[in-house]
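See structure below.
The values are calculated or read from the model by the stated rules, or taken from the named source; none is laboratory data. Values in this document were obtained by computation on a predicted structure and should not be read as measured data. For neighbour counting, all protein chains shown are included, and Cβ atoms are generated from backbone atoms with ideal geometry for every residue, glycine included.
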Amino acid sequence: MWLIISDTHDNLHSIEKFVEEANRRKVTHVFHCGDVVSPFALLRLLKLEAEFHGVFGNNDGEWLLLSQRSSGRLVKGPVELVVDGKKVAMMHEPFALEALLESQHYDFIFYGHTHKLDFRRQGKTLLVNPGDGSGYIAERPSAVFLDPETGQIDVYQI
């Protein structure tokens, strides 16, 4: 099971709830699509019993300290990863999404920034925006749990 999350914007209550649920579901990989914002919030995310992958967002402030605290696992995006044999593109701002979907180069494309849930499948590629992890813009904080083998998604809201 994977967790896709974005735009947590230092909301420690939401982060802790997502971490608890991810640990309960035995998540193996976490993909944070940007806007953690502060190193103290990142430390809460790193309490996950899972491998962490993240990209910087437009509101992340302390890039150097965030990078250090994440042991280099929070990077400037977009990035391309291979996780459990699946090709993943991850970014904060939605960059060339239609072209990436059409390319069929990736199994998954994850992005954030808009604070809006977005799921689209084109051929083998599943695109996911997990929405607003903070709940500051949307009515409820959200994240997505994904079974990478089946492509089944579960929107989890607090």
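Okay, here's what the table says:
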| item | result |
| --- | --- |
| Odd one out for E51 among (1) within 14 Å of the chain's Cα centre (by Cα); (2) surrounded by fewer than 20 Cβ atoms within 10 Å (Cβ to Cβ); (3) more than 18 Å from R73 (Cβ to Cβ); (4) not hydrophobic (A, V, I, L, M, F, W, C) | (3) |
| Tally, over the range 16-46, of residues that are at pLDDT below 95 and either crowded, with 21+ Cβ neighbours inside 10 Å or in contact with a Cys (Cβ under 9 Å, 6 or more places away or on another chain) (or both) | 1 |
| The range 6-40, subset of a type in the set (D, E) and part of a loop (DSSP other than H, G, I, E, B), residue farthest from T114 (Cα to Cα) | D10 |
| Positions within the range 103-130 being more than 15 Å from I5 (Cβ to Cβ) and aromatic (F, W, Y), in sequence order | Y106 |
| Single unsatisfied condition, M1 versus (1) touching a residue at least 24 places away in the same chain (Cβ under 8 Å); (2) surrounded by fewer than 17 Cβ atoms within 10 Å (Cβ to Cβ); (3) within 16 Å of G133 (Cβ to Cβ) | (3) |
| Failed criterion for G72 (all others in (1) under 16 Å from V30 (Cα atoms); (2) modelled with pLDDT of 95 or more; (3) surrounded by fewer than 18 Cβ atoms within 10 Å (Cβ to Cβ) hold) | (2) |
| Test: residue in the range 138-149 that is on the phi > 0 side of the Ramachandran plot, part of a loop (DSSP other than H, G, I, E, B) and of a type outside the set (D, E) | no |
| The listed residue being closer than 21 Å to Y136 by Cα, assigned to a helix (DSSP H, G or I) and either touching a His at 6+ places or on another chain (Cβ under 8 Å) or not acidic (D, E) (or both), out of L3, L65, L43 | L43 |
